[in-house]
Amino acid sequence: MLAQPSQAAFRRLLDEIGTVDAVGVEERVAKFTSRSIKKASKVKGLATAVSMVDMTTLEGKDTPGKIASLCQKALRPSEDPSVPPVAAVCVYSAMVRHAKRHVAGTAVKVASVATAFPSGQTGLRTRLAEVRAAVGDGADEIDMVINRGAYLSGDYNRVKDEICAVLEACGGSALKVILEVGELETYDSIRAASFLAMSVLRPGDFIKTSTGKTTSNATLGNTQVMIEAIRDHFLDTGIAISMKPAGGIRTAKQALHYLVAVKETLGDAWLTNARYRFGASSLLNDLLRQLEKERTGAYQAPYYFSETAESY
Amino acid sequence: MPPTTQDKRKTAPRAGSRGRAVPELIFGDLWEYDPAPETADPKLKARYDLFIGGEFTAPKAGAYFDTINPATEQKLADVALAGQADVDAAYRAAQRAFDTTWGRMPGRERAKYLYRVARLLQDRAREFAVAETLNGGKPIKESRDFDVPMAAAHFFYHAGWADKLDYVAPGRKIAPLGVVGQVIPWNFPLLMLAWKLAPALAMGNCVVIKPAETTPITALKLAEIFQQAGLPPGVVNIVTGAGETGAAVMAHPTPVKVAFTGSTEVGKVIMRSLAGTDKKMTMELGGKAANIIFDDAPLDQAVEGVVNGIFFNQGHVCCAGSRLLVHEPVADRVLAKLKNRVRVLRVGDPMDKNTDLGAINSRQQLEKIGELVDSGVKEGAEIFQPPCRLPAKGFFFRPTLFSGVTQSHRIAREEIFGPVLSILTFRTVDEAVEKANNTAYGLSAGVWTDKGSRILKLSTELKAGVIWANTFNKFDPASPFGGYKESGFGREGGRQGLLDYAKLT
């Protein structure tokens, strides 16, 4: 019996880009976690990670006041002047203009989730309108979600066309394409979706793991599948796509493991916030806490760090 | 080459067919890892005596030899050189132990000792890992994460069998053989010791064993654990020395069985010396395993498996995947991926937790690897080595890839036992099988494909004792390991491994 059209299309896609073995990927990333990052290399790694954080607040209860305090923290994460500002603040589209007021003219960018984040389940016209509004309000970067409904039903062209449409609506703003790996489930699917997105993206655009709104988010495994896809795409076409794992990265140690994976898979050119970001909210203070520990030799209580999420 | 062409190559090192620069990854020092040395105390003694009859005993002739750290070439300890008289004494002690205690002890009592050994080894795991790395040159992460835990796992596994031996061969009566002689190699000093000792002891045999000349320390440290565990005297006797001591252990009239792991060359000598006797034998010898990558394989994971297969323990692995057979449609891509992967391997101080490739075990082995690599270059294969810095002292060798290798190259036929991969190509499934089997060896093989039926087909057609599918170098005490053809006979691990130390009636 002939395969269903959708299965045939998926098979064709995989034939072109190759499959992924889940056990093998997980063995590979386990090696990253056994790297021992100490002393100066730890300080350098932590500072690099700080500079890559997309400080995120995506809640129904976000207010201009909350955005203001987030932006202040983003600009000056620590009293220590050697600690760099973070890469961006990531907010809902309605909050872009408030965020922009605080960070305009600085190195910190404003990223906006758009396209009916996190489900993406509205008409394309509505989604594009949201993107245009965010860009109009000054968003430097747009975090879109792919149409998982279309993807899982095998309608790859629609997924690709919609990314193209959003890309056009972005104008000069960078685009981050969220695959929502938790809903794609398999590594094969994640690799295929990465290539679908990358086939239309410009250099400097991102692919991103997840929204943080489902139960399964970035892991070293799914991030490895995506950065290997980025590497293959780069070596084939010369187009360097950037990467953003998001959700689930809470500790400095985890962040260092992710950076080890970047260093040993994509190389030095991706160890910069133009090519790599962490989408996280509670990661930043753990990075700062570890930096402080390296500087003073002692761990500080959470209340010494502003905007801390932990209770005490 | 005319100078103008050379100049052009310098200014534009790599240009694609349409003049566009070929994209390349940069694996530089933007973020270097600091040294992360393991600092646990290996608790070495300055002098190690023979372990005979439960006591550390000075050799009768009073001779000692130096054992060194291959990463620094510095001496670690004096180790006793056992002569014929010492080997005689060891076998007497073993025979006495078999006749009076161990051979008569119920299996459930033997199990208690084996469990105790396994637990004590776990307790002292870090100390043993450091000792193993110091003496053998393998990276600390391997001795810490593989050698020591695996050795403990073998003792645990066989301890579990000791009171269930009636189920090893249902319907038959099972009994120990008696006294056995064993000789083990330098690539996994502690693990090979555990592979040999655990099944023999669980079954109720007593042992005289000789560790390799270059790596005797962890064996003698394990003797300390035998004392700590209260193992009855003479159940395990350890005699150290070089080839002559090994020959004395193998050729002695006392053992009813000998077991050897090492080179095919030495295995043949031993078999010749035992021809005509009624001694049982198991031989675990060399290999030249083929790792076969088909065009539908998950390539990144295949490349990872190939790297693991040949660079694990600097390639000092009898089942190392030293030949890579790649399907022609993906050969270029696999080679490019391999090169990028090998560029991030870290070669250097074995005690550094981030080291991927440590020191070659001995100067002699380093010279042998160098000689075979030279032959590969001379015979026209294309060599690739990453530009990593090697330590000034000690025995080190760069991870090496040879492409354009054919079946008749020496590097495709002879066991190199070093970090050197020979890459060949094939066009059809039959050709892959034919090439993989076109060797005197048959210890292991690997198959990489997304197609399950092909894995099953190849697992019956490849003449090798172990065949891994979409993975490589996986071991488990429950899984029998051993070879075909000149890779030896007999199995270690699992029920089959126990049978090789049992008398069935």
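The values are calculated or read from the model by the stated rules, or taken from the named source; none is laboratory data. None of the values given here were measured: they were computed from a predicted structure. Every residue, glycine as well, gets a Cβ built from its backbone with ideal geometry; the counts of neighbours run over all protein chains shown. Heavy atoms of the whole protein, side chains included, go into the accessibility calculation; ligands, DNA and RNA do not. Shrake-Rupley method; radii C 1.70, N 1.55, O 1.52, S 1.80 Å.
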Practice problem: Find the centroid of the Cα atoms in region B:220-242 and in region B:120-189, then give the distance between the two in whole Å. | Solution: 13
Quiz item: What trypsin sites (Lys or Arg not before Pro) does region A:38-82 have in DSSP loop regions with at most 14 other beta carbons within 10 Å?
Solution: A:61
Quiz item: If the viscosity is 0.692 mPa s and the temperature 37 °C, what Stokes-Einstein diffusion coefficient in µm²/s follows for region B:287-469 when Rh is the Kirkwood radius over Cα pairs?
Solution: 201
Quiz prompt | Residue-level accessible surface for residue B:57, protein heavy atoms, 1.4 Å, Å² | solution = 50
Quiz item: For the charge dipole of region B:287-469, defined by +1 on Lys and Arg C-beta atoms and -1 on Asp and Glu C-beta atoms about the Cα centroid, which residue among B:392, B:357, B:331 has the Cα displaced farthest towards the positive pole?
Solution: B:392
Self-check item: DSSP-loop trypsin sites (Lys or Arg not before Pro) across region B:13-96, with at most 16 other Cβ within 10 angstrom
Solution: B:14, B:18, B:20, B:43, B:45, B:60
Quiz item: Dipole of region A:5-296, Cα-centred, from +1 at each Lys and Arg C-beta and -1 at each Asp and Glu C-beta, to the nearest 20 debye?
Solution: 920
Practice problem: Keeping all protein chains in place, calculate the accessible area per residue for region B:239-381 (probe 1.4 angstrom), answer in Å². | Solution: 33
Quiz item: Quick one: in the protein assembly as shown, what % of C-alpha pairs are over 48 Å apart?
Solution: 31
Practice problem: Take the alpha carbon atoms of region B:56-75, find their center, do the same for region B:333-398, and report the distance between the two centers in whole angstrom. | Solution: 28
Exercise. Along Cα→Cβ, 7 Å out, is where each label goes; now give me the distance between the ones at residue A:63 and residue A:47 in nm to one decimal.
Key: 3.8
Quiz item: Which whole number of Å³ per residue matches the convex hull of the alpha-carbon atoms in region B:394-494?
Solution: 140
Quiz item: At 37 °C and 0.692 mPa s, what whole-number value in µm²/s does Stokes-Einstein give for the translational diffusion of chain B, with Rh from the Kirkwood sum over Cα pairs?
Solution: 138
Quiz item: Can you give the helix-only mean residue ellipticity at 222 nm for chain A, where every DSSP H stretch with n ≥ 4 adds -39500 (n - 2.57) and the sum goes over all residues, rounded to the nearest 500 deg cm²/dmol?
Solution: -15000 deg cm²/dmol
Quiz item: At the nearest 100 Å², what buried accessible area, both sides summed, do you get for B and A when the probe is 1.4 Å?
Solution: 3200
Quiz prompt | Links that overshoot a 32 Å alpha carbon limit, given the list A:293/B:337; A:31/B:196; A:31/A:100 | solution = A:293/B:337; A:31/A:100
Exercise. Report the charge-dipole magnitude of chain B in Debye, nearest 20, computed about the Cα centre from +1 at each Lys and Arg Cβ and -1 at each Asp and Glu Cβ.
Key: 640
Self-check item: DSSP beta bridges in chain B [antiparallel fraction, %, rounded to 5]
Solution: 35
Self-check item: Rel. contact order, % - alpha carbon contacts under 8 angstrom, at least six apart, region A:224-312
Solution: 26
Quiz prompt | Length released on extending from residue B:34 to residue B:63, taking residue separation times 0.36 nm less the Cα-Cα span | solution = 6.2 nm
Quiz prompt | Among B:69, B:48, B:37 - extreme Cα towards positive end, dipole of region B:35-75, charges at beta-carbon | solution = B:48
Self-check item: Mean separation of Cα contacts under 8 Å (6+ apart) over length of chain B, as relative contact order %
Solution: 17
Exercise. Assuming R0 = 51 Å, can you tell me the calculated FRET efficiency for the pair residue B:74 and residue B:169, based on Cβ-Cβ distance, to the nearest 0.05?
Key: 0.55
Self-check item: Listed residues B:409, B:455, B:437: farthest to the positive end of the dipole of region B:287-469 (Cβ charges)
Solution: B:409
Quiz prompt | Eligible aspartates and glutamates near residue A:263 by straight Cα distance, threshold 18 Å, same-chain separation 8 or greater | solution = A:26, A:27, A:228, A:232, B:24, B:29, B:32, B:34, B:300, B:304, B:356
Quiz item: region A:120-177 to region A:245-312: how many Å between their Cα centroids?
Solution: 29
Practice problem: Using DSSP to define loop residues, name the GluC sites (Glu not before Pro) in region B:368-413 whose beta-carbon has at most 16 other beta-carbon atoms within 10 Å. | Solution: B:379
Quiz item: How large is the helix-only mean residue ellipticity at 222 nm for chain B, computed as the sum of -39500 (n - 2.57) over DSSP H runs with n ≥ 4, divided by its residue count, in deg cm²/dmol to the nearest 500?
Solution: -11500 deg cm²/dmol
Exercise. Treating each Cα of region B:351-409 as an identical point scatterer and ignoring solvent, apply the Debye formula and state log10 I(q)/I(0) at q = 0.16, 0.27 Å⁻¹.
Key: -0.59, -1.20
Quiz item: Of B:280/B:435; A:253/B:393; B:173/B:279; B:138/B:474, which ones are farther than 26 Å apart at the Cα?
Solution: B:280/B:435; A:253/B:393
Practice problem: Could you give the size of the charge dipole of the protein assembly as shown about its Cα centre, using +1 on the Cβ of each K and R and -1 on the Cβ of each D and E, expressed in debye and rounded to the nearest 20? | Solution: 400
Exercise. Once you have the Kirkwood Rh of chain A from its Cα pairs, apply Stokes-Einstein at 10 °C and 1.306 mPa s and quote D in µm²/s.
Key: 80
Practice problem: Count the DSSP beta bridges whose two residues both fall in the protein assembly as shown, then state the antiparallel fraction as a percent rounded to the nearest 5. | Solution: 25
Self-check item: DSSP loop GluC sites (Glu not before Pro) with at most 14 other Cβ within 10 Å: longest gap in chain A
Solution: A:186-309
